[in-house]
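Notes follow the structure.
The values are calculated or read from the model by the stated rules, or taken from the named source; none is laboratory data. Remember, it's a predicted structure, so these values are computed and weren't measured experimentally. Every residue, glycine among them, receives a Cβ derived from its backbone with ideal geometry; neighbour counts consider all protein chains shown. The accessibility values were calculated without ligands, DNA or RNA, using every heavy atom of the protein model including side chains. Shrake-Rupley method; radii C 1.70, N 1.55, O 1.52, S 1.80 Å.
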Amino acid sequence: MMLAPRTARTPGRRDRALYVEILIDAPIETVWELTQDPEQHARWDGRFTAIRPRRRREDGAQEFTYELDLGIHTIRGTGVSLGDKHGRQGERTSALAFDTSDRLSPLGPGRGYWRYIPTSEGVRFLTGYDYAPGWGWAGRVLDPLVTRPFVWWLTAWSFDRLRLWAEDGVPPEETRWWRSLLPGRRPRARARRCLSRPASTGGRTIMQHAPASLAVVSP
């Protein structure tokens, strides 16, 4: 069942940015490798079929192209990410900006971040991101009703696939969505294992919790 994202609120307005958080009981270096390596990333993240690195900028930011194969059409776009492994108390971050000229993409340009927060119970791996809807006026109507809830679900489901891989060594190929329909006992990724809003906002929006590196990346 698809769950609608519960977002943080600020006085007088609704925070539409997406937030997903999961606890992964694995070394932070393992989580970092599975999320920062483009080939590994595309294996567990249902939002992508392929991620291909391109030029690395002077500031260390990595340019890339991405694809999402829908069977009857492949959405293509570009992006840039910038990682930082030297945060306070061992925290790591990654900032991302992406864009596409594909008129069939339900997502237009967007920005987001990942945070890797080590704890005694594992790594709090979380993301916050926002985007402009595609599809013109129809996309703006459908986004809060259909697109944004589905994108939240897809992100959360993907995060649990990552958790199963990092914790138990279950390859993402064994947790594809259609496998959950098969009978028998098998590992299953569940979006509901993820949080859909921060435990505490401190009066800030989801995107205001982004690392400073997000301000310098652009596709």
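The figures follow:
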| item | result |
| --- | --- |
| Selection from the range 83-96 of residues that are hydroxyl-bearing (S, T, Y) and open to solvent by 40 Å² or more (accessible area, probe 1.4 Å) | none |
| Test for D168: is it farther than 25 Å from L82 by Cβ, crowded, with 19+ Cβ neighbours inside 10 Å and of a type in the set (D, E) | no |
| Residue in the range 117-132 that is of a type outside the set (F, W, Y), farther than 27 Å from G87 by Cβ, touching a Pro at 6+ places or on another chain (Cβ under 9 Å) and without any contact (Cβ under 8 Å) to a residue 60 or more places away in the chain present | yes |
| Single residue of the range 58-82 satisfying the filter (among the aliphatic types (A, V, I, L, M) and open to solvent by 50 Å² or more (accessible area, probe 1.4 Å)) that is nearest to L154 (Cα to Cα) | L70 |
| Residue tally, condition over 18 Å from A191 (Cβ atoms) and either modelled with pLDDT under 95 or open to solvent by 60 Å² or more (accessible area, probe 1.4 Å) (or both), over the range 20-33 | 4 |
| Index of the failed condition, A189 passing every other in (1) among the hydrophobic types (A, V, I, L, M, F, W, C); (2) at pLDDT 95 or above; (3) closer than 17 Å to D25 by Cβ | (2) |
| Qualifying residue in the range 195-203 (condition: open to solvent by less than 70 Å² (accessible area, probe 1.4 Å), farther than 21 Å from R47 by Cα and of a type in the set (A, V, I, L, M, F, W, C)) | no |
| Residue, most open to solvent (accessible area, probe 1.4 Å), within the range 34-57, restricted to residues that are without any contact (Cβ under 8 Å) to a residue 24 or more places away in the chain and touching a helix residue (DSSP H, G or I) at 6+ places or on another chain (Cβ under 7 Å) | R52 |
| Residue check for W135: surrounded by 16 or more Cβ atoms within 10 Å (Cβ to Cβ), hydrophobic (A, V, I, L, M, F, W, C), out of contact with any Ser or Thr (no Cβ under 6 Å at 6 or more places or on another chain) and in contact (Cβ under 8 Å) with a residue 40 or more places away in the chain | no |
| Any chance I51 is in a strand (DSSP E or B) and closer than 27 Å to G134 by Cβ | yes |
